[in-house]
Amino acid sequence: MSDQSKRTVVITGGSRGLGRAVCLSFAGPDTHIFFNYASSSKSADETQRLITEAGGSATGLQVNVASEKEVSDFFKKILEETGRIDVLVNNAGITRDGLLVRMKEKDWDDVLDINLKGAFNCTKIAAKSMMKQRFGRIINITSIVGVTGNIGQVNYVASKAGLIGLTKAAAKELASRNITVNAVAPGFIKTDMTASISEKVKDLMMKHVPLGRPGEPEDVAGVVAFLASESAAYITGQVIHVSGGMYI
Ligand code: NAP
């Protein structure tokens, strides 16, 4: 159960990887975290345990961000409990890679529905609450490939480029209400999403990373926490690359 005096932070896809690290970057006595996940309830329990261990509190719920109804019920619960949303991090995402000419319609739809429409579903509801409060921070996790393109990922790249567009348009629309909207574009970060990439391909990628190492989820989480902080009050509509210099 949350406490109305606390800051409310909402993170999508918080059960694993970047989302879990982002949850932990907000964990503390003054913040209640609501996070969601698709199906990994054991991983979600572990995120919840780690947040509590770090002195914070959290509610983790199974919610498909692609479903307007499930997202609406999720935010209804949050607003009933807390009455406000201070920070939204749209992090949930999937890949369904394949070459353009062989890509199945379902793989296109699933990726766009979760990565882009999911962020739209959550942002739309959170923004209404933030507008009333005249305060809010929205951070969208895009990807470096949303800027550069990538072979075998037309669906994923389109979703992440779309998320950059959503970020810029929403930043303009919401700025007058003291709501900032920014995107973070990670490069190659060590999570389950990148675990199946072969060592050969990883070595090739590292040749393009001047800092010479893959990123850790905490490298991304620190930037998200900064964008949610008072120090970032005058930053909006930006795409911050966290990629070890992969694309300079
Ligand atoms: P990950 O380890 O695969 O975790 C994905 C998270 O999203 C999980 O919590 C998953 O829940 C959740 N999720 C998936 N589908 C969902 C849905 N329909 N509704 C709600 N939650 C859903 O991925 P990651 O590497 O941490 O990636 C996080 C974000 O960073 C993604 O948007 C990804 O595109 C972006 N990104 C990652 C990298 C990288 O190198 N890893 C680089 C650039 C951008 P379950 O645990 O229940 O499946």
query: Hey, among the residues in segment 37-84 that are within 13 Å of the ligand (Cβ to nearest atom) and of a type in the set (Ser, Thr, Tyr), which one's surrounded by the fewest Cβ atoms within 10 Å (Cβ to Cβ)?
result: Ser39
- request: Would you point out the residue of segment 10-36, among those that are outside any strand (DSSP E or B) and aliphatic (A, V, I, L, M), that is most open to solvent (accessible area, probe 1.4 Å)?
  value: Leu24
- prompt: Of the residues that sit in segment 187-203 and are out of contact with any Pro (no Cβ under 9 Å at 6 or more places or on another chain) and within 17 Å of Gly19 (Cβ to Cβ), which one is most open to solvent (accessible area, probe 1.4 Å)?
  reply: Asp192
field: Count - residues of segment 91-112 that are within 8 Å of the ligand (Cβ to nearest atom) and either under 11 Å from the mean Cα position of the chain (by Cα) or outside any loop (DSSP other than H, G, I, E, B) (or both)
entry: 3
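So that you can scan it fast, the table gives a plain yes or no per residue for (1) within 21 Å of Leu18 (Cα to Cα); (2) under 20 Å from the mean Cα position of the chain (by Cα); (3) among the aromatic types (Phe, Trp, Tyr):
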position: Ser176; (1), (2), (3): no, no, no
position: Met205; (1), (2), (3): yes, no, no
position: Ala228; (1), (2), (3): yes, yes, no
position: Gln238; (1), (2), (3): yes, yes, no
task: Being free of Cβ contacts under 8 Å to residues at least 12 places away in the same chain and either surrounded by 13 or more Cβ atoms within 10 Å (Cβ to Cβ) or in contact with a strand residue (DSSP E or B) (Cβ under 7 Å, 6 or more places away or on another chain) (or both) is the filter here, so list the residues in segment 207-228 that pass it.
output: Phe226
task: Could you please let me know if Arg7 is open to solvent by 30 Å² or more (accessible area, probe 1.4 Å), closer than 28 Å to Gln133 by Cα and either in contact with a strand residue (DSSP E or B) (Cβ under 8 Å, 6 or more places away or on another chain) or charged (D, E, K, R) (or both)?
output: yes
query: Across segment 153-167, what is the total count of residues that are away from the ligand (no atom under 14 Å from the Cβ) and surrounded by 15 or more Cβ atoms within 10 Å (Cβ to Cβ)?
result: 1
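Sort out which residues of segment 121-148 are part of a helix (DSSP H, G or I) and over 25 Å from Thr194 (Cβ atoms), and write them in order of number.
Keep residues of segment 121-148 that are part of a helix (DSSP H, G or I), which gives 121-133, 145-148.
Matches in segment 121-148: Asn121, Thr123, Lys124, Ile125, Ala126, Ala127, Lys128, Ser129, Met130, Met131, Lys132, Gln133.
The values are calculated or read from the model by the stated rules, or taken from the named source; none is laboratory data. Bear in mind that the values here come from a model prediction, so they are computed numbers and not experimental data. Cβ sites come from the backbone with ideal geometry, for glycine too, and all protein chains shown count toward neighbours. Remember, those area values only see protein heavy atoms, side chains included, never the ligands or the DNA or RNA. Shrake-Rupley method; radii C 1.70, N 1.55, O 1.52, S 1.80 Å.
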